[in-house]
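The values are calculated or read from the model by the stated rules, or taken from the named source; none is laboratory data. As the structure is a prediction and not an experimental result, all values here were calculated from the model. Glycine gets a Cβ as well: all are built from the backbone with ideal geometry, and neighbour counts include every protein chain shown.
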Amino acid sequence: MQAIKVAGCIPPLLYSQLFVKIPVPTSDFSGQAVIVTGSNTGLGKEAVRHVVRLGAKNVIMGVRTVSKGEAAAEDIINGCQVSSSVIEVWQLDMANANSVKAFARRAESLDRLDAAILNAGVQTMKWSTAGDYESHIAINTINTTLLSMLLLPKLQASAKETGQRGRLTTVGSDLMYFANLAELETTGSIVQSLSDEARSRSWFSQRYAQSKILLFWLTHELSKRNPLTQDSNVLITVVTPGGCESDLFRDDIGPVGKAIFKFMSGLFSRTTEVGARTYVHAVSSELDAEAHGKFLMDAKIGADGMNVTSAQGKKLAKKWNEEVFTMLQREVESEKGS
Ligand SMILES: NC(=O)c1ccc[n+]([C@@H]2O[C@H](COP(=O)([O-])OP(=O)(O)OC[C@H]3O[C@@H](n4cnc5c(N)ncnc54)[C@H](OP(=O)(O)O)[C@@H]3O)[C@@H](O)[C@H]2O)c1
């Protein structure tokens, strides 16, 4: 099953990397406010550059280290020749649920919020934990979903006020197609099992891909719980930028590995500027309602893949979503009450 899954995914992904040209975005963001997390570098930074160039009035860069965010903001402001007031840099540590909550609380004070690109993510072969969870699961999956849930009311309220549909996208990966689901088969809690180092060790090379299919399942579920209506006029998607040159693998490769990786990625990878075009497509106001809950790839709706459509995928997604939404709903309720 795993071999069939992997073999079936390779030709379309190679085609995407080698032959698909992502158009330069031209959507108008005039007057709009957009949040981009993990935007001091890589794809997030290029997404900020695009939306600033396209006229956004206010772009919030959510970054772990404010000084790095400010340096990136200065580069974008100078390059795009816009007023420094267009960009705000806010602290956000996606490894820490309290930081995520503080960030979302601050976002409530914005005049409006039209779109959010939840891009911050990690990939590493080093085991570490963040709060109660293994780090990929905490950062890429659970806290990204917590932030989606906390920002959604602001996006919904803005959409009502402005009459323009809001957009929320989480950044997944086409590696979700390859994720091996066998590790998720447990009679107990999936979350606890993924945070058990001894149990996870033999599966750890799968963890990044797993974190992205788990994120897709959650974001898709969020879209189902919030269908497009007058009161919830927010289009929710998951986007993949495709394979891009970036620092994502910084933890795992030394200088020689970096040189080899650079050479290999030069053959197949997109630049971060091109990859970030897919993010802009995912939050453009022209995006069609049929994209709600979908996986966006190459600036269009992509296939869900066997990890979503198979009986095993459906069964595990149901269990995972029930477990995580029960947990996060409690956090959201306690935030509302605080
Ligand atoms: N590059 C690819 O080929 C590719 C393909 C598919 C999907 N993606 C996804 O695209 C997203 C961006 O990746 P990238 O390639 O641009 O990698 P990158 O250059 O390493 O950027 C990752 C960003 O996430 C931030 N981040 C990491 N942990 C964080 C935390 N705890 N709190 C706040 N911010 C945090 C990083 O901040 P620091 O600088 O402070 O670490 C950085 O700004 C990720 O979600 C990744 O999974 C990438």
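Checked against the criterion of being out of contact with any Asp or Glu (no Cβ under 7 Å at 6 or more places or on another chain) and either of a type in the set (Asp, Glu) or surrounded by fewer than 24 Cβ atoms within 10 Å (Cβ to Cβ) (or both), the candidates 131, 121 yield just one match: 131.
Residue count for region 112-132 satisfying the condition of being assigned to a loop (DSSP other than H, G, I, E, B) and over 26 Å from residue 277 (Cα atoms): 6. Among the residues of region 292-304, is there at least one that is free of Cβ contacts under 8 Å to residues at least 40 places away in the same chain, assigned to a helix (DSSP H, G or I) and of a type outside the set (A, V, I, L, M, F, W, C)? No: zero hits. The single residue among 205, 200, 158 that is small (Gly, Ala, Ser) and modelled with pLDDT of 95 or more turns out to be 158.
Just so you know, in region 235-246 the residues that are outside any loop (DSSP other than H, G, I, E, B) and near the ligand (Cβ under 10 Å from one of its atoms) include one that is modelled with the lowest pLDDT, and it is 244. Take residue 106 and decide whether it is assigned to a helix (DSSP H, G or I), at pLDDT below 95, over 18 Å from the mean Cα position of the chain (by Cα) and not polar (S, T, N, Q). Against the criterion (assigned to a helix (DSSP H, G or I), at pLDDT below 95, over 18 Å from the mean Cα position of the chain (by Cα) and not polar (S, T, N, Q)), residue 106 does not qualify. Residues in region 289-331 that are touching a helix residue (DSSP H, G or I) at 6+ places or on another chain (Cβ under 9 Å) and more than 26 Å from residue 186 (Cβ to Cβ): how many? Residues that pass the stated criteria total 12.
Each row is one residue, and each column tells you yes or no for (1) at pLDDT 95 or above; (2) of a type outside the set (A, V, I, L, M, F, W, C); (3) part of a loop (DSSP other than H, G, I, E, B).
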| residue | (1), (2), (3) |
| --- | --- |
| 220 | yes, yes, no |
| 248 | no, no, yes |
| 258 | no, yes, no |
| 264 | no, no, no |
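Screening residue 62 against (1) of a type in the set (Gly, Ala, Ser); (2) part of a helix (DSSP H, G or I); (3) in contact with a strand residue (DSSP E or B) (Cβ under 9 Å, 6 or more places away or on another chain) leaves a single unmet condition, (2). Among the residues in region 285-304, are any over 21 Å from residue 124 (Cβ atoms), modelled with pLDDT under 95, more than 12 Å from the ligand (Cβ to nearest atom) and out of contact with any strand residue (DSSP E or B) (no Cβ under 9 Å at 6 or more places or on another chain)? Looking through region 285-304, none of the residues is over 21 Å from residue 124 (Cβ atoms), modelled with pLDDT under 95, more than 12 Å from the ligand (Cβ to nearest atom) and out of contact with any strand residue (DSSP E or B) (no Cβ under 9 Å at 6 or more places or on another chain). Tell me yes or no: at least one residue of region 45-65 is surrounded by fewer than 22 Cβ atoms within 10 Å (Cβ to Cβ) and either modelled with pLDDT under 95 or near the ligand (Cβ under 10 Å from one of its atoms) (or both). Scanning region 45-65 turns up at least one residue that is surrounded by fewer than 22 Cβ atoms within 10 Å (Cβ to Cβ) and either modelled with pLDDT under 95 or near the ligand (Cβ under 10 Å from one of its atoms) (or both). Figure legend. Inter-residue proximity from region 210-228: first residues among the charged types (D, E, K, R), second residues surrounded by 20 or more Cβ atoms within 10 Å (Cβ to Cβ), beta-carbon distance below 6 Å, spacing 6+ or different chains. Indicated pairs: 212/172; 212/173; 212/176.
Can you find even one residue in region 150-167 that is within 14 Å of the ligand (Cβ to nearest atom), over 13 Å from the mean Cα position of the chain (by Cα) and in a helix (DSSP H, G or I)?
No - not one qualifying residue is present in region 150-167.
Put simply, of 68, 101 the only residue that is within 16 Å of the ligand (Cβ to nearest atom), among the basic types (Lys, Arg) and without any contact (Cβ under 8 Å) to a residue 60 or more places away in the chain is 68.
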